[in-house]
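Take a look at the structure set out below.
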Amino acid sequence: MSATFTDHQAALRDEVKKLLTDGSIKGFIGYARGRDSYHPVPAIVTRPDQVDGLILDQFSIFGLTKYLLDYIFEDGKMGIVVKGCDALGLGRLINDHRVDRNKVHVVGLPCAGVLNGEKVAKLGLGKVQRVTDKGSAFLVEGDKGSKELPKTEYLWDKCLWCENHNPAGADTLLGSEVENVAMKPRDFSDITALEKMPSAERAAFWTRQFSRCIRCYACRNVCPACNCRECVFDIADPRWVGNTVKLSEQQMFHFTRAFHVAGRCVDCGECERVCPMEIPLMKLQRKLQKDVIELFGNPKPFVPSEVEVLGQFRVTEDPEEFM
Amino acid sequence: MSVNEKAAPAAGPATNPTTATPAPEGWEPKIIGFACNWCTYAGADLAGTSRIQYPPNIRVIRVPCSGRINPQFVVRAFQRGADGVLVAGCHPGDCHYSTGNYFARRRYLLAKRFIEYLGVEPERLQVRWISGSEGQKFADTVRELTEKLRALGPQRRLRETL
Ligand code: SF4
Ligand code: SF4
Ligand code: SF4
Ligand code: FES
């Protein structure tokens with residue numbers, strides 16, 4: 001049983017006010033209330049009088065790190081709040097030399113798991129008054145009812161196998177570290193099932209998925225690993241990489257997006273979560289993760305390191321299948 | 001013939017690229033081969049000058065090194081009408097730029113599995129190390145690949161659509 005995010009809301013506001021007032025940061029990236037209590041939205045504050053608009057609650061899933069790219073050419077520091085998984089995304093941006101660690105004030109949020117607002121909103125509990133951590137469940141009390149929600153059913157999937165609950169290397173930590181254990185082991189059985197499908201069926205499966213894509217690029221924009229200054233899909237006349245919504249160009253887009261982050265993806269799940277068309281993008285990322293683990297003996301390819309798997313090789317130990 | 005030519009093969013069915021339709025009469029498998037300049041291209045040349053017979057189904061695109069062969073090239077080749085793709089370079093240890101093929105090896109271990117995962121039959125993408133002295137290996141590789149593709153029929157899963 002640990003403190004909930006809401007317990008840290010006051011401390012967060014105090015910290016941000018202090019940082020903004022003494023000039024150590026010029027802005028702070030956090031969360032504000034969205035359309036209801038289940039959908040907080042990203043918010044950026046730049047003045048102390050805006051800080052009381054910042055909230056922190058158990059539905060704060062949005063990974064915010066990508067917003068840092070909007071400030072890299074400006075002077076001064078930005079502050080940001082990160083959970084364990086978000087800290088991996090920040091590590092990705094720093095290792096890719098896209099964000100300068102010295103220009104970020106990191107407020108770390110130890111995290112026992114985030115409630116899936118999409119699921120909880122459907123329970124009709126009304127406006128949320130209080131969330132309490134009961135160990136294996138969160139008690140959510142709303143103005144229309146309360147319910148104990150087992151974590152294994154109501155957390156986001158990634159939280160179940162998360163082994164990075166405490167953000168590493170934060171400048172300020174909200175509260176104390178939480179127990180850092182995965183609720184269940186990482187499970188690739190859905191990927192294995194797809195692999196076993198006859199290839200024609202698998203092609204049909206992906207055709208059904210990719211043909212729904214509307215090229216909103218939300219998946220790319222939220223992804224800390226998809227961080228090129230100029231994306232190949234933003235080039236007006238890319239000649240051989242199309243950017244319309246016909247199927248062949250969707251296939252090219254999805255192959256490219258997934259493969260460009262192969263070995264660098266931090267498994268934050270944000271690409272799939274933000275997709276308005278519910279395309280199961282994590283089935284692409286997790287296939288690549290699974291193969292990286294099996295082929296290159298890197299048990300945790302989602303934890304950023306100095307040189308990633310496709311940027312290195314081993315002369316004799318790498319599998320040889322092409323002789 | 002360049003793969004960029006507008007005269008590339010006609011688009012496949014726009015709605016469902018997985019529908020099996022029989023190969024058109026007189027159909028011949030088309031292979032795009034990406035060959036590194038220093039080894040495989042020389043190997044292909046040797047096959048020619050030594051008069052080693054191999055099927056004329058391959059169109060070779062010369063690249064500086066196997067490390068240059070972006071996996072997107074493979075996807076695009078399939079989309080523009082290739083029934084099979086050969087990715088080839090120097091043997092490990094022999095790359096003209098020392099390490100290009102070691103990077104390519106990691107990249108294609110992953111990309112080959114990924115392209116299969118998207119629904120392309122595994123036989124259609126062949127990665128192979130072929131040295132400048134291996135004219136026979138080049139010819140054998142092309143022959144084997146052509147036979148496999150003939151059995152599979154036209155590639156329709158990654159096709160340019162309208
Ligand atoms: S993945 Fe881990 S750090 Fe991220 S929200 Fe879930 S439990 Fe928290
Ligand atoms: S590909 Fe998806 S899971 Fe991986 S880092 Fe990007 S947003 Fe996160
Ligand atoms: S978020 Fe979904 S719909 Fe938008 S570009 Fe990505 S996959 Fe396509
Ligand atoms: S030069 Fe032939 S593989 Fe690098």
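The values are calculated or read from the model by the stated rules, or taken from the named source; none is laboratory data. Note that the structure is predicted; figures quoted are calculated from it, not measured. Because the Cβ atoms are built from the backbone with ideal geometry, glycine has one as well, and the counts that use them run over all protein chains shown. Accessible surface areas use protein heavy atoms only, side chains included; no ligands, DNA or RNA. Shrake-Rupley method; radii C 1.70, N 1.55, O 1.52, S 1.80 Å.
Being among the small types (Gly, Ala, Ser), more than 9 Å from chain B (Cβ to nearest Cβ) and either open to solvent by less than 20 Å² (accessible area, probe 1.4 Å) or not in a loop (DSSP other than H, G, I, E, B) (or both), is that true of even one residue in region A:225-240?
Checked against the condition, which is being among the small types (Gly, Ala, Ser), more than 9 Å from chain B (Cβ to nearest Cβ) and either open to solvent by less than 20 Å² (accessible area, probe 1.4 Å) or not in a loop (DSSP other than H, G, I, E, B) (or both), region A:225-240 yields at least one hit.
Given the conditions (1) more than 24 Å from A:LYS290 (Cα to Cα); (2) outside any helix (DSSP H, G or I); (3) within 11 Å of chain A (Cβ to nearest Cβ), and given that B:ARG59 satisfies all but one, which numbered condition is not satisfied?
(3)
Looking only at region B:23-56, filter to residues that are outside any helix (DSSP H, G or I) and within 15 Å of ligand 4 (Cβ to nearest atom); which one of those is surrounded by the fewest Cβ atoms within 10 Å (Cβ to Cβ)? Full working, then the answer.
Quick first cut of region B:23-56, residues outside any helix (DSSP H, G or I) only: B:23-39, B:50-56.
This time we only want the ones that are within 15 Å of ligand 4 (Cβ to nearest atom), so: B:33-39.
On the way: B:GLY33: 27, B:PHE34: 23, B:ALA35: 25, B:CYS36: 31, B:ASN37: 16, B:TRP38: 20, B:CYS39: 26.
Per the criteria, the residue is B:ASN37.
Assess whether A:LEU284 counts as being away from ligand 3 (no atom under 16 Å from the Cβ), touching a helix residue (DSSP H, G or I) at 6+ places or on another chain (Cβ under 9 Å) and at pLDDT 95 or above.
On the way: away from ligand 3 (no atom under 16 Å from the Cβ): no; touching a helix residue (DSSP H, G or I) at 6+ places or on another chain (Cβ under 9 Å): yes; at pLDDT 95 or above: yes.
In short, no.
Condition test on A:PRO167, is it under 30 Å from A:THR4 (Cβ atoms) and either in contact with a Phe, Trp or Tyr (Cβ under 9 Å, 6 or more places away or on another chain) or open to solvent by 60 Å² or more (accessible area, probe 1.4 Å) (or both)?
No: the conditions fail for A:PRO167.
Which ones in region B:100-115 are open to solvent by 30 Å² or more (accessible area, probe 1.4 Å) and facing another protein chain (nearest Cβ under 7 Å)? It would help to see each step written out before you state the result.
Initially, region B:100-115 is screened for residues open to solvent by 30 Å² or more (accessible area, probe 1.4 Å), giving B:103, B:107, B:112-113.
Scanning region B:100-115 gives B:PHE103, B:ARG107, B:ARG113.
With open to solvent by less than 10 Å² (accessible area, probe 1.4 Å) and out of contact with any Leu (no Cβ under 8 Å at 6 or more places or on another chain) as the only criterion, which of A:GLY30, A:GLY89, A:GLY79, A:GLY53 stands out? Step through it out loud before you land on a result.
Numbers: A:GLY30 fails: out of contact with any Leu (no Cβ under 8 Å at 6 or more places or on another chain); A:GLY79 fails: out of contact with any Leu (no Cβ under 8 Å at 6 or more places or on another chain); A:GLY53 fails: open to solvent by less than 10 Å² (accessible area, probe 1.4 Å).
Exactly one of A:GLY30, A:GLY89, A:GLY79, A:GLY53 is open to solvent by less than 10 Å² (accessible area, probe 1.4 Å) and out of contact with any Leu (no Cβ under 8 Å at 6 or more places or on another chain), namely A:GLY89.
Can you pull out every residue in region B:118-127 that is buried (at least 22 other Cβ atoms within 10 Å of the Cβ) and not small (Gly, Ala, Ser)?
Within region B:118-127, B:LEU118, B:VAL120, B:ARG124, B:LEU125, B:VAL127 qualify.
Could you please give the count of residues in region A:205-242 that are under 15 Å from A:LEU281 (Cβ atoms) and among the basic types (Lys, Arg)?
So the answer is 4.
So if I check each of A:VAL232, A:VAL261, A:VAL274, which one is closer than 30 Å to A:SER305 by Cα and either within 16 Å of ligand 4 (Cβ to nearest atom) or touching a residue at least 40 places away in the same chain (Cβ under 8 Å) (or both)?
A:VAL274
Return the residues of region B:149-162 that are within 14 Å of chain A (Cβ to nearest Cβ) and open to solvent by 30 Å² or more (accessible area, probe 1.4 Å); say none if nothing qualifies.
Those that are within 14 Å of chain A (Cβ to nearest Cβ) and open to solvent by 30 Å² or more (accessible area, probe 1.4 Å): B:LEU152, B:ARG156, B:ARG157, B:ARG159, B:GLU160, B:LEU162.
Limited to region A:241-284, what total is found for residues that are part of a loop (DSSP other than H, G, I, E, B) and open to solvent by less than 30 Å² (accessible area, probe 1.4 Å)?
14
Return a yes/no flag: does region A:202-213 have any residue that is more than 17 Å from A:ALA258 (Cβ to Cβ) and either in contact (Cβ under 8 Å) with a residue 40 or more places away in the chain or outside any helix (DSSP H, G or I) (or both).
Checked region A:202-213: no residue is more than 17 Å from A:ALA258 (Cβ to Cβ) and either in contact (Cβ under 8 Å) with a residue 40 or more places away in the chain or outside any helix (DSSP H, G or I) (or both).
Of the numbered conditions (1) more than 27 Å from A:LYS283 (Cα to Cα); (2) not in a loop (DSSP other than H, G, I, E, B), A:VAL178 satisfies every one except a single condition; which is it?
Here A:VAL178 meets the rest and fails (2).
So which residues in region B:73-91 are open to solvent by 10 Å² or more (accessible area, probe 1.4 Å) and facing chain A (nearest Cβ under 7 Å), if there are any at all?
Listed by number, the list holds a single entry, B:ARG76.
I need the full set of residues from region A:133-164 which are open to solvent by less than 50 Å² (accessible area, probe 1.4 Å) and of a type in the set (D, E, K, R), in order please.
Result: A:ASP133, A:GLU141, A:LYS151, A:LYS158.
Got a sec? Which of A:PRO48, A:PRO42 is over 30 Å from A:SER146 (Cα atoms) and surrounded by fewer than 18 Cβ atoms within 10 Å (Cβ to Cβ)? Write out each step before concluding.
On the way: A:PRO42 fails: over 30 Å from A:SER146 (Cα atoms).
Sole residue among the options that is over 30 Å from A:SER146 (Cα atoms) and surrounded by fewer than 18 Cβ atoms within 10 Å (Cβ to Cβ): A:PRO48.
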